[in-house]
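The values are calculated or read from the model by the stated rules, or taken from the named source; none is laboratory data. Model, not experiment: these values are computed from the prediction. Note that each Cβ is placed from the backbone with ideal geometry, even for glycine, and that neighbours are counted across all protein chains shown.
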């Protein structure tokens, strides 16, 4: 298994190189000059402007800039932010826990609701309940995240006042960054002794709406995939044998059908977890969530080339890694494919 995973990762290196080329050259097609944004268009002294451009390496031909950039990448240096003057790697891993926490919560929401809905729809095939559940999942899949997020804010935050509008936790709490995951850090002995469980519930309330907004599309995909996979398994001979033995419907569905239907479901869930990171860009912007997505949007606005390049490369690397891991887990779940 380990050998297969390593071979898969090595085979995907050209993909990452291609992504680095595309991201490097495409972002330079965006109108705007990062140096002018820093010094101001009206007050830009030509000598100061050229000196800053030289300091940033932007005075070189674009192909030389790329080779310089990719050479630094292979040494583990993704550059320094033009705006904050901090290392891109430092900024990325400072914000990554927020994005990962949101992504995990969104996937938990999608799995806990999507799989049961898919099972129910498969068992009640072609019934009104099946049509309602699958119609609802199709609606969830079709809704744009930015529109759905605003609707959730309007209903639950503005009208009902149940959930916060933005941020990760109430500003009155000062949480030590032990892991970067607020649901964990708020349960540290120090925080509990000083504040009790109120910071934890505050962090949990801030996660509700962004998790629902980000998890709706994966929920719909999970439900439809579960239904399709369950219908295929329910038609197998061993299910008819289990019915002939007198097993209850619950035993047949849970212990026999669902267990065998999980293989394609697990694969889809793994692939969705990689793609859900890209959905964080819209979700984090809407809910002012201080993660990678919001960071990249702000960097695009300020034409912060090193941040955009490094952030895209990091995200692409994570998706590639997750895809390779899912491919390996698929072999682990289904021994027949190991041959």
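For residue 74, the conditions (1) surrounded by 15 or more Cβ atoms within 10 Å (Cβ to Cβ); (2) at pLDDT 80 or above; (3) over 24 Å from the mean Cα position of the chain (by Cα) are fulfilled apart from (1).
Please enumerate the residues belonging to region 115-131 that are touching a helix residue (DSSP H, G or I) at 6+ places or on another chain (Cβ under 8 Å) and surrounded by fewer than 16 Cβ atoms within 10 Å (Cβ to Cβ). Those that are touching a helix residue (DSSP H, G or I) at 6+ places or on another chain (Cβ under 8 Å) and surrounded by fewer than 16 Cβ atoms within 10 Å (Cβ to Cβ): 124, 125, 129.
Here residue 66 clears all of (1) in contact (Cβ under 8 Å) with a residue 40 or more places away in the chain; (2) in a helix (DSSP H, G or I); (3) within 10 Å of residue 306 (Cβ to Cβ) except the condition numbered (3).
Got at least one residue in region 146-154 being over 30 Å from residue 228 (Cα atoms), modelled with pLDDT of 90 or more and buried (at least 17 other Cβ atoms within 10 Å of the Cβ)? Scanning region 146-154 turns up at least one residue that is over 30 Å from residue 228 (Cα atoms), modelled with pLDDT of 90 or more and buried (at least 17 other Cβ atoms within 10 Å of the Cβ).
How many residues are outside any loop (DSSP other than H, G, I, E, B) and either exposed (fewer than 13 other Cβ atoms within 10 Å of the Cβ) or at pLDDT below 85 (or both) if we restrict to region 160-194? Before you say what the answer is, go through the steps one by one.
Of all residues in region 160-194, those outside any loop (DSSP other than H, G, I, E, B) come to 182-185, 189-194.
If we keep only those that are either exposed (fewer than 13 other Cβ atoms within 10 Å of the Cβ) or at pLDDT below 85 (or both) too, we end up with 189-190, 193-194.
The total comes to 4.
Restricting region 31-49 to residues that are surrounded by fewer than 13 Cβ atoms within 10 Å (Cβ to Cβ) and assigned to a loop (DSSP other than H, G, I, E, B), the residue that is modelled with the highest pLDDT is 31.
No other residue among 134, 107, 52 is modelled with pLDDT under 85, part of a helix (DSSP H, G or I) and in contact with a helix residue (DSSP H, G or I) (Cβ under 9 Å, 6 or more places away or on another chain) apart from 52.
So which of 259, 224 ends up being free of Cβ contacts under 8 Å to residues at least 40 places away in the same chain and part of a helix (DSSP H, G or I)? Show your work before the answer.
Details: 224 fails: free of Cβ contacts under 8 Å to residues at least 40 places away in the same chain.
One residue alone meets the criteria, 259.
Is it fair to say residue 267 is crowded, with 16+ Cβ neighbours inside 10 Å, closer than 18 Å to residue 107 by Cβ and either modelled with pLDDT of 80 or more or more than 17 Å from the chain's Cα centre (by Cα) (or both)? In short, no.
Considered as a group, the residues in region 242-264 that are farther than 18 Å from residue 118 by Cα and exposed (fewer than 12 other Cβ atoms within 10 Å of the Cβ) include one that is nearest to the chain's Cα centre (by Cα), and that residue is 248. Remark: pairs (first residue in region 28-40, at positive phi; second residue at pLDDT 75 or above; Cβ separation under 7 Å; 6+ apart in sequence or on different chains) = 32/303.
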